[in-house]
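To start, the structure itself, in structure tokens.
The values are calculated or read from the model by the stated rules, or taken from the named source; none is laboratory data. Note that this is a predicted model, so its numbers are computed, not measured. When we count neighbours, we look across all protein chains shown, and the Cβ atoms used for this are built from the backbone with ideal geometry, even at glycine. Just so you know, the surface numbers come from the protein's heavy atoms only, side chains and all, with ligands and any DNA or RNA stripped out. Shrake-Rupley method; radii C 1.70, N 1.55, O 1.52, S 1.80 Å.
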Amino acid sequence: LGQMTDLIYAEKDLVQSLKEYIRAEENKLSQIKSWAEKMDALTSKSASDPEGYLAHPVNAYKLVKRLNTDWLELENLVLQDTTNGFIANLTIQRQFFPTEEDETGAAKALMRLQDTYKLDPETLSRGNLPGTKYRSYLTVGDCFGMGKTAYNDGDYYHTVLWMEQALKQHDEGEDTTVSKVEILDYLSYAVFQFGDLHRAMELTRRLISLDSTHERAGSNLRYFEKLLEKEREEKSNKTMTTTEPVVQSGAYERPLDYLPERDIYEALCRGEGVKMTPRRQKRLFCRYHDGNRNPHLLIAPFKEEDEWDSPHIVRYYDVMSDEEIEKIKQLAKPRLARATVRDPKTGVLTVASYRVSKSSWLEEDDDPVVAKVNQRMQQITGLTVKTAELLQVANYGMGGQYEPHFDFSRKDEPDAFKRLGTGNRVATFLNYMSDVEAGGATVFPDFGAAIWPKKGTAVFWYNLFRSGEGDYRTRHAACPVLVGCKWVSNKWFHERGNEFLRPCGRTEVD
């Protein structure tokens, strides 16, 4: 969303340009209309008595003049192109417009929110979301577009959901250019893909009743009837395999995907399944933190609060001021690019559907505020920033997320940070630079923790045990942003340089 705000102003500028074009067209049409009315009155008079009219020499002169000069001027007025300014502006602005890939990504983001937060299409279509300042609605055309995006992606589960919503709003009488035939065409085929033959036939028959000349629907119906006849002949019920969705009264189950902890992860995003028992909560405290008597923090210690006991996760308050946050956002905005992940097999950085955000990296030389924030993180943690990675700033917009992942490199990817020469990522310091109206939590599926963004605060945890072994419990995720714009910045501290600041323990799990 950080960069999308510029599109709002671009669209506003285009509207002004369009209104100027309309004014120019209206002025042109007004002149033409005035000329037509004047000539209509004149020709009615002259045509009633042509000879008598032309007997007056002035009338004869004016007729010649009109046909030789005035009508030519009118022709030039009619041919005058008033679109130049608007088209030129549109051409300039178009280079910054979203692409087809962006539109597809936005549709998939809505579906991701739909799944993660268990929102039915009706809720999304009516814009009934928590914490929103503005109401917005999806039209039949919008719902149809969502369904088409899913269909083109081979995602028949969401195709059914959105085509049904489009059909529902169409049946309710909503004005639209999308026909029921188009909707039923997609819906019947998607239903068939779920093995629901009876419903596919019912929808296809409804389509044919609206358009008896629809060739594909006719051939589909004949094919469905043959399949049904074959089923009857065999007199056996079709056995659903474990990989196939289960049909339950027209409702279809969401297919399984690549993420093993999908259900736990999404439940935590909704605030469900958090394993913070009262007994465990009693072990959590808040305190003033002076960084082990760091001289800079003795007079002004930070407020530290336990978020989790094991692994130990803490939150610090008032880590960054509003002015510092705005400055860092201002520095990061021009450099924001689609966030990448490292392919564990090839080591190459690439974009991935499980990480949807934009990020940039800031160096201390970019602005004194970056150096100041880095120094502060060093004072709080007691770790050195000399071997840490640059400050990463990330912006999560519509449906922005980072599915469960480890910050440290595992044994099967030993070369992940080899080029840095600073060892593995020992700890993560995460600054929240905005509040989020709904969604956007940081969750830990392994032990059931959920930490919600709060502007100006930061959370900190160790990714490695003192032995250098990875703490696999720290697998975490950034939940999709449901409503709002999430800004974070983070610092990854590395092993080298911290050998004596965080010395080894006596056992593997110290």
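Which residues, taken from segment 432-443, are outside any loop (DSSP other than H, G, I, E, B) and in contact with a Lys or Arg (Cβ under 8 Å, 6 or more places away or on another chain)? Hit for segment 432-443 is 432, nothing else. Scanning segment 118-157 for residues that are assigned to a loop (DSSP other than H, G, I, E, B) and among the small types (Gly, Ala, Ser) turns up 127, 131, 136, 154.
Whether a residue is in contact (Cβ under 8 Å) with a residue 60 or more places away in the chain, of a type in the set (D, E, K, R), open to solvent by 20 Å² or more (accessible area, probe 1.4 Å) and more than 14 Å from residue 310 (Cα to Cα) was assessed, and residue 469 does not pass this test. Within segment 351-371, which residues are open to solvent by less than 60 Å² (accessible area, probe 1.4 Å), of a type in the set (Val, Ile, Thr) and more than 14 Å from the chain's Cα centre (by Cα)? 369, 370, listed by residue number. Taking the criterion of being assigned to a strand (DSSP E or B) and either outside the structural domain of residue 307 (by the TED database) or touching a Leu at 6+ places or on another chain (Cβ under 7 Å) (or both), the residues of segment 444-466 that qualify are 450, 458, 459. Figure legend. Inter-residue proximity from segment 410-435: first residues within 29 Å of residue 481 (Cα to Cα) and not assigned by the TED database to the domain that holds residue 317, second residues modelled with pLDDT of 95 or more and surrounded by fewer than 20 Cβ atoms within 10 Å (Cβ to Cβ), beta-carbon distance below 8 Å, spacing 6+ or different chains. No pairs are indicated. List pairs: first residue in segment 46-74 and outside the structural domain of residue 34 (by the TED database), second residue open to solvent by 100 Å² or more (accessible area, probe 1.4 Å) and assigned to a helix (DSSP H, G or I) anywhere in the structure, Cβ distance under 6 angstrom, at least six positions apart or on different chains. Every condition considered, no pair remains. Answer yes or no: is there a residue in segment 158-178 that is assigned to a loop (DSSP other than H, G, I, E, B) and of a type in the set (A, V, I, L, M). Looking for residues that are assigned to a loop (DSSP other than H, G, I, E, B) and of a type in the set (A, V, I, L, M), one finds at least one in segment 158-178, hence yes. Say we look at segment 413-448 and pick out the residues that are within 26 Å of the chain's Cα centre (by Cα) and of a type in the set (A, V, I, L, M, F, W, C); which of these is farthest from residue 264 (Cα to Cα)? Checking each candidate, the answer is 433. Could you please give the count of residues in segment 285-329 that are surrounded by 14 or more Cβ atoms within 10 Å (Cβ to Cβ), without any contact (Cβ under 8 Å) to a residue 40 or more places away in the chain and over 28 Å from residue 371 (Cβ atoms)? Final tally of qualifying residues: 2.
Contact map, segment 116-129: first residue without any contact (Cβ under 8 Å) to a residue 12 or more places away in the chain, second residue of a type in the set (S, T, N, Q), Cβ cut-off under 6 Å, separation 6 or more or different chains; pairs are 127/136. Taking first residues from segment 8-23 that are farther than 13 Å from residue 88 by Cβ and partners that are surrounded by fewer than 11 Cβ atoms within 10 Å (Cβ to Cβ), the Cβ contacts under 9 Å between residues at least 6 apart in sequence or on separate chains come to 10/96.
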